[in-house]
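Where a number appears in this text, it was derived from the coordinates with a stated rule and is not lab data. A quick note: this is a predicted structure, and the numbers were derived from the prediction, not measured. Every residue, glycine among them, receives a Cβ derived from its backbone with ideal geometry; neighbour counts consider all protein chains shown.
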Amino acid sequence: MGIRKLLSGNEATATAMKQINPDVVAAYPITPSTEVVHYFSQYVADGEVDTQFVAVESEHSAMSACIGASAAGGRTSTVTSACGLALMWELLYVASGQRLPMTLAVINRALSGPININNDHSDSMGARDSGWIQLYSENNQEAYDNYIMAQRIGEHKDVLLPVMVCQDGFITSHAVENIELLEDDKVKDFVGKFEPTRHLLDGKPLSVGPYDTPMHYFEHQYQRAQAMIAAKKVILDVSKEYAKVSGREYGLFETYKLEDAERVIVVVNSSAGTAKVAADQLRAKGEKVGVLKIRVFRPFPVTEIAEALKNAKAVAVMDKCDSFNAMGGPVFVDVRTALYELEKRPLTINYIYGLGGRDVTVDNFLTVFNALSEVVKTGKTGETYRHIGVRGVN
Amino acid sequence: MSNMVEIRWHGRGGQGAKTASLLLADAAFAQGKYVQGFPEYGPERMGAPIAAYNRISDERSSVHSNIYEPDFVVVVDATLLSAVAATAGLKETGGLVVNSEKSPEELAKYYAADLGGYKGKIYSIDASQIAGEELGNRSLSNTAMLAAIVKVSGVIPEDSFMKEMEASIKDTFSSKPHVIAPNMKAIERGLKEVKGL
């Protein structure tokens, strides 16, 4: 059952890419995602994959090359972090707007300035409205599993959208941990062959990316929005199918000790594991606490999250990214919106945490659970826009 | 979590503390353990203080933070004792392992002001000397330090560790077979020459 290995998150992503064997990878190195490009170009050099590797001169060109490759019917992949993703920005919208599936491993890193190479989610969270599906990964195993599933999700005929698979830079990308890989042939069977209905090389004339006049542009945007709605079911179906192959089950989010939880922390990526340990410690004392870890942030599981949190008394939403809007981070805003439809809503507060690689500890989460106790006791949220782990603040 | 051993490494950029923590992770993994091995990343430059970490346990640990209350601390460069809070949070039931020609008693006296009142055990090993004699380069002390922490922590049986290291070094240095035997010798001496046991 699977292949037991010790791999870093970056090696896990590169291994998934190797087993998927994409037609084209165009990438430009940037810390902390560089290793993925390094490993993968070695596979290409060693003949372990059939991929056409395009060494480009910038991330703008990397995404442009991927768009061209996907439009030509190729299964396409790339990887980046932080400023690299920012440089792709214009093209992110082009890829999803032209309904070109591809996969992008985002090794999350703070978007400067001042310059910082360490982890937070300001890069991918900034791209949350670019029409890309976003999957987040707690550890190397999830980064690997999500990357394999991402192929099938984005390429599904009801979806045809590009997919970002995110994991925390350094914290998981450069940490070695146990992992269970699938055998090469199982991955090959699972991802199958990418068969686009139309592409530039199929012999039938096709224009990709021409001027879209007011006569049609809005309809195309509507279709893109519908594709994102349809993606939710496809993600669940693909995940179910993956569970049969791997034994590992994934939903739109993971619930941890949530059934009877009165106080809940909502969190994405690596810190979810740390939050679970804090929950374990408090559960051992009989406290009703739980964790909801978001895996799929785009499409946002709005009704499902509301259903999962409807019995909680107080919820703290963690954002490893500040929106600088004097109100709260992106995860908070969406989770709170999800809860609005409930007749009886939990009280909700937001914490900005871990920016630029500030270490996030079990103690931080105990502090947050403790703050939720206060919210439950007083029945008031107090200030909802909070920060934790900032010197001089708390 | 039961049976979890947490180790913090202090070294200077270029001394191989990160590599040693990854080799320890490999060796423990080969013993069927759940392992984490990760460095703390900052400005990467030769000589700057760096930290690396290991969690080794029988069940998977989901914590993704640095280690603040380690069972063991390994100091690859003794001058760091005066530069960083090496004993911060160190459990007194564990131990401090220092690369030094000084004995544990001498270290305790010499660095008394830097040890922050640490009352636990101190171990020393002259890993730079071993590296100089076996590998011809005093700065390649990390393999002997790795052996020393394996000996002190007992986290892996010595014979399995030797076997695992041999395979790992053969793999790493497949293009330089002449460095395999000297590295194995440095590891052997690392296991034998730890003071303070």
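Fewest Cβ neighbours within 10 Å first, please rank A:H199, A:H121, A:H38 accordingly. Please report the intermediate quantities before stating the final value.
Numbers: A:H199 18, A:H121 29, A:H38 13.
Final ranking by Cβ density, sparse to dense: A:H38, A:H199, A:H121.
At what distance in nm do the modelled label points of A:E249 and B:D171 sit from each other, each positioned 7 Å from its Cα along Cα→Cβ?
Result: 3.4 nm between the two label points.
Given labels modelled 7 Å from the Cα in the Cβ direction, how far is it in nm from A:E241 to A:E219?
Here the answer is 3.0 nm between the modelled labels.
Tilt of helix A:140-155 relative to the longest C-alpha principal axis of chain A, in degrees (0 to 90, nearest 10)?
50 degrees
How many angstrom lie between the C-alpha centres of region A:304-335 and region A:67-111?
27 Å
For B:K91, project a label point 7 Å along Cα to C-beta. Then give me every residue of region B:136-159 with its amide nitrogen under 19 Å of that point.
Residues B:149-157 fall inside that zone.
Count the net charge of all other residues whose Cβ sits under 10 Å from the Cβ of A:K320, scoring Lys and Arg as +1 and Asp and Glu as -1. Show your work: numbers first, answer last.
Values: positive: A:R358; negative: A:D120, A:D168, A:D319, A:D322.
Result for the neighbourhood of A:K320: -3.
Take every residue in peptide B:23-29, count the Cβ atoms of other chains within 10 Å of its Cβ, and give the average of those counts. Intermediate results must be reported in sequence, preceding the final value.
On the way: counts 0, 0, 5, 2, 0, 1, 6.
Mean inter-chain Cβ contacts per residue within 10 Å come to 2.
Could you give the size of the charge dipole of region B:1-97 about its Cα centre, using +1 on the Cβ of each K and R and -1 on the Cβ of each D and E, expressed in debye and rounded to the nearest 20?
Working: 8 positive and 10 negative charges, 39 e Å.
For this selection, approximately 180 debye.
State which entries of A:K18/A:K276; A:K232/A:K320; A:K186/B:K18; A:K157/A:K257; B:K102/B:K192 exceed 28 angstrom in Cα-Cα distance in the structure shown.
Details: A:K18/A:K276 32 Å; A:K232/A:K320 24 Å; A:K186/B:K18 34 Å; A:K157/A:K257 36 Å; B:K102/B:K192 16 Å.
Exceeds cut-off: A:K18/A:K276; A:K186/B:K18; A:K157/A:K257.
Please report, in Å, the Rg and the Dmax of region B:5-192, where both are computed over Cα atoms only.
15.5, 47
Please state the shape class of region A:219-314: rounded when a/c is under 1.5, otherwise prolate if a/b exceeds b/c and oblate if not, all from the C-alpha gyration tensor.
Working: a/c = 2.69, a/b = 1.76, b/c = 1.53.
Here region A:219-314 falls in the prolate category.
Stretched out fully, how many nm does the piece from B:S103 to B:Y68 gain, at 0.36 nm a residue minus the Cα gap? Numbers along the way, then the final one.
On the way: separation 35, 0.36 × 35 = 12.60 nm, distance 2.64 nm.
Working it through step by step, the gained length comes to 10.0 nm.
Run a plain Debye calculation on region A:117-170 (Cα atoms as equal point scatterers, no solvent) and give log10 I(q)/I(0) at q = 0.23 Å⁻¹, rounded to two decimals, same order as the q list.
Cα-only, vacuum Debye calculation for region A:117-170: -0.91.
Hey, got the Cα dimensions of chain A along the principal axes, in Å, largest first?
Extents along the principal axes: 68, 52, 45 Å.
Using only alpha-carbon positions, what ratio does the radius of gyration of region B:1-106 give when scaled by 2.2 N^0.38 Å?
Details: Rg = 13.7 Å, N = 106, 2.2 N^0.38 = 12.9 Å.
Relative to the rule-of-thumb radius for its length, region B:1-106 sits at 1.06.
Name the residue farthest towards the positive end of the dipole of the protein assembly as shown from the options B:L24, B:A181, A:A71, assuming +1 on Cβ of Lys and Arg, -1 on Cβ of Asp and Glu, about the Cα centre.
B:L24
Top mean-square fluctuation among A:A261, A:A175, A:A45, Gaussian network model of chain A, C-alpha springs under 10 Å?
Comparing A:A261, A:A175, A:A45 in the GNM, the peak value goes to A:A45.
Can you give the Kirkwood hydrodynamic radius of region A:253-388 from its Cα pairs, in Å with one decimal? Show your work: numbers first, answer last.
Numbers: mean 1/r = 0.0688 Å⁻¹.
Mean inverse Cα-Cα distance, inverted, gives 14.5 Å.
With charges set only on the Cβ (+1 for Lys and Arg, -1 for Asp and Glu), what does the dipole of chain A come to about its Cα centre, in debye to the nearest 20?
Its charge dipole is roughly 1020 debye.
Taking each residue of B:57-63 in turn, how many C-beta atoms of other protein chains fall within 10 Å of its C-beta, and what is the average? Kindly include the intermediate steps, with their values, before the conclusion.
On the way: counts 0, 0, 0, 5, 5, 12, 11.
For this peptide, the per-residue mean of nearby foreign Cβ atoms is 5.
Using 7 Å Cα-to-Cβ label points, what is the B:M4/A:T378 separation (nm, one decimal)?
3.2 nm
Round to the nearest 0.05 the FRET efficiency obtained for A:L342 and A:V56 when R0 = 45 Å and r is the Cβ-Cβ distance. Before the final figure, lay out each step's value.
Working: r = 47 Å, r/R0 = 1.05.
So the FRET efficiency works out to roughly 0.40.
Determine which residues of region B:1-31 fall in the zone a paramagnetic label at B:V84 would reach in this model, i.e. backbone nitrogen under 15 Å from the point 7 Å along Cα→Cβ.
Residues B:7-22 fall inside that zone.
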